[in-house]
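Everything on this sheet refers to the single structure shown next.
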Amino acid sequence: MGDKSPLPASVDETLALLSGGNYVGERSLATVLFLALKLGRPLFLEGEAGVGKTEIAKVLAETLGRRLVRLQCYEGLDVAAAVYEWNYPRQMVEIRVAEAAGAATASDRASLTNDIFDERFLIERPLLQALRPDDRGAPVLLIDELDRTDEPFEAFLLEVLSDYQITIPELGSIAAAAPPIVIVTSNRTREIHDALKRRCLYHWIDYPTAERELEILTVKAPAAPAKLSQEIVSFVQALRKEDLFKLPGIAETLDWAEALTQLDKVALDPQAIDDTLGVLLKYQDDIAKIQGSEAARLLSDVKSELTGVAIA
């Protein structure tokens, strides 16, 4: 990670910042990202899995020279895993040492109670870590896939996202000296409560157009032959029009390009598609639906379309 860099001063500088991290973004994304940085507001990114939401936080941390603090959400996530917990074994050792030294009076016991709830015994988890000062500047806090958690955890986040502070009953409130840059992502498997969304700026990241996906492929998978890249993008774009359980995202497109390149393919053919569909599609029902004649039909349409474009 490089030295700390200043925040972008315009939308154009934000676009350049993303480009500097090899992220191909649209101007609408750069605009809302610039505003989030300028206003010190969390940015809530929603969209299908694999469209590049998480990557934005990584690019920000890299290009701004900031520490990345990531909270990966999951069902059952609680304060102990996300914010802090007390180091109970160390506290017990402290109590045993005090007892052995003869802490028997009421005042001794009261003092011991205060001592064991000192920050020395605090285990910091991602949310608390993100509030701590850093020589490189406020970190980038990524709260990834928030929709996997439940509503009580969302409610807890309200204090963090509005005041950039956390209240620990035994210690009081711990506030950030400088607010972290917060990116919250959701795959929209469930709706996030309005109270949390109101504290954020919002942006929906959709599947890319064919032109932008080809640009992404050129940047992220430069080893793939030009003809193969065009056919990959056209085939994936055609797949997204099919009635599948899970449409392939940009991440799957890049994985597929890498896999086909490793197999020394310079163009798509029905056999190569059938052999590698598991890189692109992650559900057996989807693979079974596309494999064979349907894949051959889609490929034929893609090649005809690309030939027509080349002639034109």
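The values are calculated or read from the model by the stated rules, or taken from the named source; none is laboratory data. From a predicted model like this one, the values you see are computed outputs, not experimental measurements. A quick note on method: Cβ atoms are made from the backbone with ideal geometry, for glycine too, and the neighbour counts reach across all protein chains shown.
Tabulated data
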{"item": "Residue match in segment 125-137 (condition: over 30 Å from P89 (Cα atoms), part of a helix (DSSP H, G or I) and touching a helix residue (DSSP H, G or I) at 6+ places or on another chain (Cβ under 8 Å))", "result": "no"}
{"item": "Given (1) on the phi < 0 side of the Ramachandran plot; (2) not in a strand (DSSP E or B), index of the condition N22 fails", "result": "(1)"}
{"item": "So T54, is it assigned by TED's automatic domain parsing to the domain that holds E154 and within 11 Å of the chain's Cα centre (by Cα)", "result": "yes"}
{"item": "Of all residues in segment 213-235 being in a helix (DSSP H, G or I) and free of Cβ contacts under 8 Å to residues at least 12 places away in the same chain, the one that is farthest from L268 (Cα to Cα)", "result": "T218"}
{"item": "Which listed residue, of E48, E13, E62, E94, is without any contact (Cβ under 8 Å) to a residue 24 or more places away in the chain and either part of a helix (DSSP H, G or I) or farther than 30 Å from P169 by Cβ (or both)", "result": "E13"}
{"item": "Selected residue [modelled with pLDDT of 95 or more, part of a helix (DSSP H, G or I), more than 23 Å from the chain's Cα centre (by Cα) and not assigned by TED's automatic domain parsing to the domain that holds Y23] from T261, T307", "result": "T261"}
{"item": "Looking only at segment 171-202, and only at residues there that are surrounded by 13 or more Cβ atoms within 10 Å (Cβ to Cβ) and in contact with a Ser or Thr (Cβ under 7 Å, 6 or more places away or on another chain), the one that is farthest from V236 (Cα to Cα)", "result": "R199"}
{"item": "Scope segment 186-235; condition closer than 20 Å to T54 by Cβ and of a type in the set (S, T, N, Q); matching residues", "result": "S186, N187, T189"}
